[in-house]
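Participant: Below are the structure tokens for one structure; questions will follow.
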Amino acid sequence: MRLILFAGKGGSGKTSMSAATGALCAEQGLNTLVISLDPAHSLSDAFDLSGELLGLSGAPVQVAPRLAIQEINVNLAIEEYWEQVHSYLSALFNSAGLKEVVAEEIAVLPGMEEISALLYINQYVREKTYDLLILDCAPTAESMRFVSVPSALEWYMKKVFKLERAVLKVARPIAARLTDVPLPGDDYFANLEALFAKLEGVDRLLTDHTSTTVRLICNPEKMVLKESQRAYTYFSLYGLAVEAVIMNRVWPEGGQGLAGQMAAMQQPYLEQASEIFAPLPILPVAHQQKEVLGHGPLLELGRALYGGQDPAARLYDRQPLSFEKADGKLQVRLHLPNVGKGGVKLHKVGDELVVEVGVFRKHLALPHSFVLAHPVKAAFHGDDLLIDFSSHSGGES
């Protein structure tokens, strides 16, 4: 199954580009589902549908032959996947003096919607329901949380879960005599364990660059360009392959009056984008004179966007992460565009290499042959960070 993420700054046109791509792919014969990961859920608006059509069920809705869209209803997802966890959190907040209705509302914690979306995605992949999944991502910061969830949850389940469950099993009867604050019961941990089992394989799916890629939506403006540049770096950090940049709302050169002024204003940013994102292909999309709403206009936008290219094909092939062994040397190659050596922190803990870029951290599980080695040198070659490991055991660094 093919999986394409459309990501970028809020308001850059992610939803329109996701919808247009989905419409074109479906017309070309692929059974396609476009999923909205943005809490604003404007996907139904792009297809000019009534919000009630989607909001009540949160399930995929057929909008054209071979084309369905889905806006995830987090409350229904919680009922389906999070029942015991949500019940405990509601009881906890209720014990703190909050009204029951308020406690239930705030028991929806950050990350629940992202994990619910991943559960749906993994389900569709396992069932082979569709040929193509298109993800209309939330704005950049939320998208980073979405792609980091699988590795963070895996770390928690491996390092903390069993210990926490065992400790609370002993502490629960004692705490019940000392305080009215409830501790999570075993059904809470069983719910988390079941969730993790349903997520198995989703991390490999997201980082499999042969099937999963990211297309960044950008506008020729300074702030949007900077955010897209950071998104490119962070997606690469988490092992996702960015394959193209869609430059939306480009004014054509040679226009008169306001159109000419806007084109001249955008030109320096278009040149910067070519330098920043090279060698990624940049797909320009002309500034639209009116809103693109409905299946027909979206289909026309898709044709203009791809200009005869296969919209579902991989537009650029780069492996964001690789582990290599040559001439007796072990090496990790990590694609980190637009980052200088001073912007990266590295340290090894057990069988993991921890890489920090800015406020984001990635735990890389090392192959068995790397576990006894330790990093001895790191250097950038272009946009690739090469980390050399010793071929013998040593201390952690």
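Just so it is clear, none of the values below were taken in a lab; they were calculated from the coordinates. In this text, all values refer to a predicted model and were calculated from it rather than measured experimentally. Don't worry about glycine lacking a Cβ; one is built from the backbone with ideal geometry, like all the others, and counts go over all protein chains shown.
Participant: In a Gaussian network model over the chain where Cα atoms closer than 10 Å are linked, find which of 152, 190, 166 has the largest mean-square fluctuation.
Facilitator: Per the Cα network of the chain with a 10 Å cutoff, 166 tops the list.
Participant: Dipole of the chain (Lys/Arg Cβ +1, Asp/Glu Cβ -1, origin at the Cα centre): which of 368, 378, 270 lies farthest to the positive side?
Facilitator: Positive-most Cα among the choices belongs to 378.
Participant: For region 364-374, take each phi angle, set θ = phi - 60°, evaluate the Karplus expression 6.51 cos²θ - 1.76 cosθ + 1.60, and give the result in whole Hz per residue in order, putting x for glycine and proline.
Facilitator: With the stated coefficients, region 364-374 comes to 9, 6, 8, x, 4, 5, 9, 4, 7, 8, 9 Hz.
Participant: A further question follows. About the Cα centre, and with charges only on the beta carbon of Lys, Arg (+1) and Asp, Glu (-1), how big is the dipole of region 172-278? Nearest 20 debye, please.
Facilitator: Working: 9 positive and 13 negative charges, 41 e Å.
Magnitude of the dipole: close to 200 debye.
Participant: State, as an integer percentage, the relative contact order of the chain based on alpha-carbon contacts under 8 Å between residues 6 or more apart. Write down the numbers at each step before the final one.
Facilitator: Numbers: 675 pairs, mean separation 70.1, N = 397.
Over the chain, the number comes to 18 percent.
Participant: Report, by chain and number, residues whose modeled amide H sits under 5 Å from the one on residue 330, excluding near sequence neighbours (fewer than 5 apart, same chain).
Facilitator: So residue 330 has HN proximity to 389.
Participant: Hey, what did region 236-351 get for relative contact order, percent, Cα under 8 Å, at least 6 apart? Intermediate values should be presented prior to the final figure.
Facilitator: Working: 108 pairs, mean separation 36.6, N = 116.
Contact order relative to length: 32 percent.
Participant: Which residue, 264, 26, 171, has the most motion in a Gaussian network model of the chain that connects Cα atoms within less than 10 Å?
Facilitator: In this elastic network of the chain, the residue with the biggest mean-square fluctuation among 264, 26, 171 is 171.
Participant: Show me, for region 281-298, the HN-Hα J-couplings you get by feeding each phi into the Karplus relation (A = 6.51, B = -1.76, C = 1.60, θ = phi - 60°), rounded to Hz, glycine and proline as x.
Facilitator: Calculated HN-Hα couplings, in order: x, 10, 9, x, 10, 5, 4, 8, 6, 8, 4, 9, 10, x, 4, x, x, 5 Hz.
Participant: Report the charge-dipole magnitude of the chain in Debye, nearest 20, computed about the Cα centre from +1 at each Lys and Arg Cβ and -1 at each Asp and Glu Cβ. Don't jump to the answer; show the numbers that get you there.
Facilitator: Working: 35 positive and 46 negative charges, 223 e Å.
Value, rounded to 20: 1080 debye.
Participant: Beyond a 22 Å Cα-Cα separation, which of these cross-linked pairs lie in this structure: 128/198; 9/198; 198/348; 9/158; 159/362; 325/377? Provide the component values of the computation, followed by the final result.
Facilitator: Details: 128/198 15 Å; 9/198 30 Å; 198/348 29 Å; 9/158 34 Å; 159/362 15 Å; 325/377 15 Å.
Check vs 22 Å cut-off fails for 9/198; 198/348; 9/158.
Participant: Determine the calculated [θ] at 222 nm for the chain from helices alone, applying -39500 (n - 2.57) to every DSSP H run no shorter than 4 residues and normalising by the residue count; nearest 500 deg cm²/dmol. Numbers along the way, then the final one.
Facilitator: On the way: 15 runs with 173 residues, N = 397.
The helix-only estimate for the chain comes to -13500 deg cm²/dmol at 222 nm.
Participant: Reachable lysines from residue 290, Cα under 19 Å, same-chain residues fewer than 8 places away excluded?
Facilitator: Filter leaves 14.
Participant: Right, here's the next one. Lys/Arg Cβ at +1, Asp/Glu Cβ at -1, dipole of region 169-284 taken about the Cα centre: which of 178, 238, 257 is farthest positive-ward?
Facilitator: My answer, from the dipole projection, is 178.
Participant: Let me ask something additional. Which whole-Hz ³J(HN,Hα) couplings does region 118-123 yield from phi under the Karplus relation 6.51 cos²θ - 1.76 cosθ + 1.60, θ = phi - 60°, glycine and proline marked x?
Facilitator: Computed from phi, the couplings for region 118-123 are 5, 5, 4, 4, 4, 4 Hz.
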